[in-house]
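The values are calculated or read from the model by the stated rules, or taken from the named source; none is laboratory data. A quick note: this is a predicted structure, and the numbers were derived from the prediction, not measured. Don't worry about glycine lacking a Cβ; one is built from the backbone with ideal geometry, like all the others, and counts go over all protein chains shown. SASA here: full protein model, heavy atoms, side chains in, ligands and nucleic acids out. Shrake-Rupley method; radii C 1.70, N 1.55, O 1.52, S 1.80 Å.
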Amino acid sequence: MIYRIAADCIVILHMAYVLTVVLGLPAIWIGILCRHQWARNFWWRCGHLAMILIVVAEAWAGIICPLTTWEHQLRELSQQETYQGSFVGNLVHDWLFYDAPQWVFTACYSVFGLLVLASFIVAPPHWPKFKSRTPTPGERGM
């Protein structure tokens, strides 16, 4: 039972990752058009770019996502057929995985990654500003 629940949690985490990457890009574009400061947040933008670059690198290297591998292992430990389980686990899994040749996914991930990278060029994030602190009298050499 614990392995099935863990596998369902992994697939939900996987879906959250995918949704962050996929919905993050239009959210960034809308945020930039509406001049919201969060849309140019350096850490958010770099994190978003890193997330899609990981997916693109895995696809080009022919590596199966570690979350997928972990889910499969947990399903086997729970003596379930792969992608069988609770309603939520199946629902999320069906939204997440499609049946298509691997090159289709690699091409889609690569194009999406290029779009995220292009958004860095068209609307670059603001570099973080580090506050300089005022030196104390002892630090000034007095």
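Below are the figures for this structure:
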quantity: Where a residue in segment 3-24 is in a helix (DSSP H, G or I) and its partner, wherever it lies, is aromatic (F, W, Y), with Cβ under 6 Å and at least six apart; calculated: I10/W70
quantity: Every residue from segment 28-44 that is in a helix (DSSP H, G or I) and within 15 Å of K129 (Cα to Cα); calculated: Q37, W38, R40, F42, W43, W44
quantity: Qualifying residue in segment 28-41 (condition: open to solvent by 80 Å² or more (accessible area, probe 1.4 Å), modelled with pLDDT of 85 or more and on the phi > 0 side of the Ramachandran plot); calculated: yes
quantity: Test: A50 is exposed (fewer than 14 other Cβ atoms within 10 Å of the Cβ), within 11 Å of the chain's Cα centre (by Cα) and within 23 Å of R75 (Cα to Cα); calculated: no
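Results for (1) modelled with pLDDT under 70; (2) open to solvent by 30 Å² or more (accessible area, probe 1.4 Å); (3) farther than 21 Å from W38 by Cα, shown as yes or no for each residue.
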{"residue": "I54", "(1), (2), (3)": "no, yes, yes"}
{"residue": "I64", "(1), (2), (3)": "no, yes, yes"}
{"residue": "Q73", "(1), (2), (3)": "no, yes, yes"}
{"residue": "T82", "(1), (2), (3)": "yes, yes, yes"}
{"residue": "Q102", "(1), (2), (3)": "no, yes, yes"}
{"residue": "I121", "(1), (2), (3)": "no, yes, no"}
{"residue": "K129", "(1), (2), (3)": "no, yes, no"}
{"residue": "P135", "(1), (2), (3)": "yes, yes, yes"}
{"residue": "G141", "(1), (2), (3)": "yes, yes, yes"}
